[in-house]
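Below you'll find the structure, written out as structure tokens, and then a few comments.
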Amino acid sequence: KHIEPGEVVLDDGSRLPAGAVVVGIGARPATAWLTGSGIELGAHREVLADDGLRTSVPDVYAVGDCASFPSGRYGERLLVHHWDNALQGPRTVAANIVGETPAVYDPVPYFWSEQFGRFVQYAGHHASADTTLWRGDPATPAWSVCWLRGDRLVALLAVGRPRDLAQGRRLIESATPVDPALLADASLPMKAAIA
């Protein structure tokens, strides 16, 4: 229902103590105007693009947070709601329009935000991870969380640790095996964890 200092008040009047509240608003692609166009839409009303960002209509492409794409890296279709996705996609579309060499779109998803004076960055997709490990103490201003599938880093959340994000993103892109014990050591650079 509403928030008061130190607590959340629910619709039934009950109160829950809270030191912080996270609100996830979400996004929905505005694709109603495509009705009847022949462009195939997905379960979330997003444009279904192939790995070259082509739609189901010949010579029509889709980029940004209105389009999902099949990710070979993660083995599932991704719908990424961040402007970085819209920034990366046009390179693939341009390469495919020119047609010199077919280009595949399979970036490491990325987003960032600033929350309460802390720079928060996320790279990857952790749905298929089988291990979660921490780099640093989340009670401090700078820490990271790493998600691995086997011995490969698949996602990273970095709070106040931009080097972790930069090095972690490269490890994800290259699918380089890592040593989890070394990766968890926040005193070491992430690149020192290469197995």
Whichever residue in the range 18-38 is among the β-branched types (Val, Ile, Thr), under 20 Å from Asp65 (Cα atoms) and modelled with pLDDT of 80 or more and, among such residues, is most open to solvent (accessible area, probe 1.4 Å): Thr35
Pairs only if they're at least six apart or on different chains, beta carbon under 9 angstrom, first in the range 133-146 and touching a residue at least 24 places away in the same chain (Cβ under 8 Å) and open to solvent by 40 Å² or more (accessible area, probe 1.4 Å), second of a type in the set (S, T, N, Q) and assigned to a strand (DSSP E or B); list them, first residue then second. Trp134/Ser144
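So which strands (runs of 3 or more DSSP E) are wholly in the range 12-119 and hold at least 1 residues that are of a type in the set (Phe, Trp, Tyr)?
Details: elements: 15-17, 67-71, 76-78, 110-115.
Result: 67-71, 110-115.
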With respect to the numbered conditions (1) closer than 12 Å to Pro109 by Cα; (2) touching a Ser or Thr at 6+ places or on another chain (Cβ under 7 Å); (3) among the hydrophobic types (A, V, I, L, M, F, W, C); (4) open to solvent by less than 20 Å² (accessible area, probe 1.4 Å), which one is the sole condition not fulfilled by Leu53? (1)
Within the range 161-179, residues open to solvent by 40 Å² or more (accessible area, probe 1.4 Å), part of a helix (DSSP H, G or I) and in contact with a strand residue (DSSP E or B) (Cβ under 6 Å, 6 or more places away or on another chain) come out as Arg169
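The values are calculated or read from the model by the stated rules, or taken from the named source; none is laboratory data. Everything quoted here is computed from the prediction, not taken from an experiment. Counting neighbours? That spans all protein chains shown, and the Cβs are built from the backbone with ideal geometry, glycine included. To get the accessible areas, we keep the full protein, side chains included, count just its heavy atoms, and leave off ligands, DNA and RNA. Shrake-Rupley method; radii C 1.70, N 1.55, O 1.52, S 1.80 Å.
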